[in-house]
1. Could you give the longest part of the chain that holds none of the trypsin sites (Lys or Arg not before Pro) found in DSSP loops with at most 16 neighbouring Cβ atoms within 10 Å?
2. Would you mind calculating the relative contact order of the chain from Cα pairs under 8 angstrom and at least 6 residues apart, reporting the percent as a whole number?
3. Leaving out same-chain residues fewer than 8 places away, which lysines sit with a Cα under 24 Å from that of Lys24?
4. Rounded to the nearest 0.05, what FRET efficiency do Asp26 and Asn113 have when you use their Cβ-Cβ distance and R0 = 25 Å?
5. Report, by chain and number, residues whose modeled amide H sits under 5 Å from the one on Phe122, excluding near sequence neighbours (fewer than 5 apart, same chain).
6. Antiparallel as a % of all DSSP beta bridges within the chain, to the nearest 5?
7. Projecting each Cα onto the charge dipole of the range 11-241 (Lys/Arg +1, Asp/Glu -1 at the beta carbon, about the Cα centre), which of Asn234, His65, Tyr90 comes out farthest on the positive side?
8. Considering only Leu56, His105, Leu178, whose Cα is most displaced toward the positive end of the charge dipole of the range 45-186, charges sitting on Cβ of Lys, Arg (+1) and Asp, Glu (-1)?
Amino acid sequence: MTNNVFRYPDTNSSRAKIEMLNEKFDSLKIGIIGVGGTGAYILDLISKTPVAEIHLYDGDIFQLHNAFRAPGATPAAKFDIEGDLTKVDYYYQVYNEMHSGIFPHQQYITLKNIGELDGLDFVFLSVDRNSVRYEITNALLAMCIPFIDVGLGVNALENELIGTLRVTLVTEEKSDHLPNRIGPDEAAENEYKTNIQIADLNCLNAAHAVVAWKRYVGFYQDLKKTHNSLYFINTGKLINEDT
C-alpha cells in the first residue's frame, strides 16, 4: 500500500484506479538541486506523487522577480517581510500544505558538501552554471545516484526568441553519453539569465524531466530508453537521443 504522505486523501488516484501504479514511488527519496524557474516546477509535479521524501537544495533568496517564474501565485505579503525569505523555505511553506515529506536545505551543493546527497534514490539537477552542473553530475555518477539534468537556452533573434530545452537522464546502466551532453564551459550568450518571462518554458522543461523520471521508475512504459531529449522552440521538434 502506498505511503500516506499526503495531508489529505489522494482521490485523484482512486478515481483513476491507479493506486497500484503509485506503489512504484513508495519509499523513494528525491533530491532537487536548484529550485529556480524549472526546479520549482519539478517540485510542483513531484509533490503530487507519493514519494517518501523530497529534499530541496538552494541558497538563494526568494525575490520579487522569482514570483513570475514560480508555480501558482505568490501572495504580495510574502515580500513585505525582512526580505530574507529563502527559496527553499518559501517552497517548503507552499508544498508542505500537501506533502508531508519535504525537507528544505538552505545551501548550494558543491563538491565540499555533496556527501549530503548520499542515501537519495534520485536527483533532479536544475542550475544555470555549467561549471557547477559539470562538477555535480560527475560526482553523482561516482556516487551511483541516478539523476536528470535539465537545461534551458534562449537567445534573441531580431525581435523573437529561439532556443532549446534539454533533459538528460544518467543511470548506472547508461552514462557514456554524459561527456557529450554536459561540459564545464559556459554558454557565450543566453537571454534566459536576463529574467525574461518564460515560465511556460520552465514548466515544459520540468514536465519533460518528470515524465522521463516516471518512465525510469516504471510508471510510464518506456520502449526506447531515451537518455537525452531536445525540444526546439522555433520548430516544436522533439529529438530523443542516447537510447
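1. Formally, the longest exposed-site-free interval is 49-111.
2. RCO, the chain: 20 percent.
3. Lys48, Lys174, Lys214, Lys224, Lys225
4. For R0 = 25 Å, the calculated efficiency reads 0.35.
5. Lys29, Gly31
6. In the chain, approximately 60 percent of DSSP beta bridges are antiparallel ones.
7. Asn234
8. Checked the options; the winner is Leu178.
Bear in mind that the values in this text are calculations on the coordinates, not laboratory data. A quick note: this is a predicted structure, and the numbers were derived from the prediction, not measured. Cβ sites come from the backbone with ideal geometry, for glycine too, and all protein chains shown count toward neighbours.
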